[in-house]
Ligand code: RB5
């Protein structure tokens with residue numbers, strides 16, 4: 001199950017991504033927001049990040065204007081490795097190298113077509129499992145204290 005959320009700046013992009021999930025028969029849970037009313041992105045980042053950290057959802061997608069606020073907030077939740085991506089190479093690499101479990105994107109930065117390609121790359125690329133990458137991830141986890 002994919003967890004997805006946005007703030008008011010990214011509602012249209014989230015709707016497009018959810019339509020593409022439906023076409024691909026991906027199961028997902030929409031954590032909001034649901035209209036254009038101004039909201040606080042940390043609330044939505046927290047909901048998605050906690051659902052991934054708890055194991056309820058396997059991966060998370062967070063979209064705000066820049067993707068920056070969402071990624072900052074999500075990375076405060078223990079167990080979350082949220083990657084802000086604006087290109088397909090980074091989305092693939094962060095799965096292979098960082099085993100990122102949440103993807104953040106900026107709806108005011110990239111278009112819907114690219115966001116879909118980035119999301120596809122993120123969701124379809126496995127972690128490499130290589131020891132050097134696992135060691136580095138373990139060092140990130142150790143920073144959580
Ligand atoms: C909302 O105006 C904007 O600040 C938010 O979408 C995001 O870009 C924050 O990082």
Subject >> Subset of the stretch 24-56 (residues that are in a helix (DSSP H, G or I), within 16 Å of the ligand (Cβ to nearest atom) and either over 19 Å from residue 104 (Cα atoms) or touching a strand residue (DSSP E or B) at 6+ places or on another chain (Cβ under 7 Å) (or both)) >> reply: 41, 44, 45, 47, 48, 49
**OP:** Determine whether residue 99 is at pLDDT 95 or above and within 26 Å of residue 135 (Cβ to Cβ).
**Re:** yes
Original post:
So is residue 87 in contact with a helix residue (DSSP H, G or I) (Cβ under 9 Å, 6 or more places away or on another chain), surrounded by fewer than 16 Cβ atoms within 10 Å (Cβ to Cβ) and under 18 Å from residue 118 (Cα atoms) or not?
Top reply: yes
Original post:
Which one is surrounded by the most Cβ atoms within 10 Å (Cβ to Cβ), of the residues in the stretch 5-23 that are touching a residue at least 12 places away in the same chain (Cβ under 8 Å) and out of contact with any strand residue (DSSP E or B) (no Cβ under 7 Å at 6 or more places or on another chain)?
Top reply: 11
Original post:
Among the residues of the stretch 57-72, which ones are under 13 Å from residue 5 (Cβ atoms) and near the ligand (Cβ under 9 Å from one of its atoms)?
Top reply: 63, 64, 67, 69, 70, 71
**OP:** Considering each of 123, 143 in turn, give the residue that is within 26 Å of residue 65 (Cβ to Cβ) and out of contact with any helix residue (DSSP H, G or I) (no Cβ under 6 Å at 6 or more places or on another chain).
**Re:** 123
Original post:
If only one of 101, 135 is away from the ligand (no atom under 16 Å from the Cβ) and free of Cβ contacts under 8 Å to residues at least 40 places away in the same chain, which one is it?
Top reply: 135
**OP:** Kindly indicate which of 69, 60 is touching a helix residue (DSSP H, G or I) at 6+ places or on another chain (Cβ under 6 Å) and assigned to a strand (DSSP E or B).
**Re:** 60
**OP:** Say whether the condition of being more than 14 Å from the ligand (Cβ to nearest atom) and within 28 Å of residue 128 (Cα to Cα) is met by at least one residue in the stretch 9-16.
**Re:** no
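The values are calculated or read from the model by the stated rules, or taken from the named source; none is laboratory data. Bear in mind that the values here come from a model prediction, so they are computed numbers and not experimental data. Here Cβ is always computed from backbone atoms with ideal geometry, including for glycine, and neighbour counts include all displayed protein chains.
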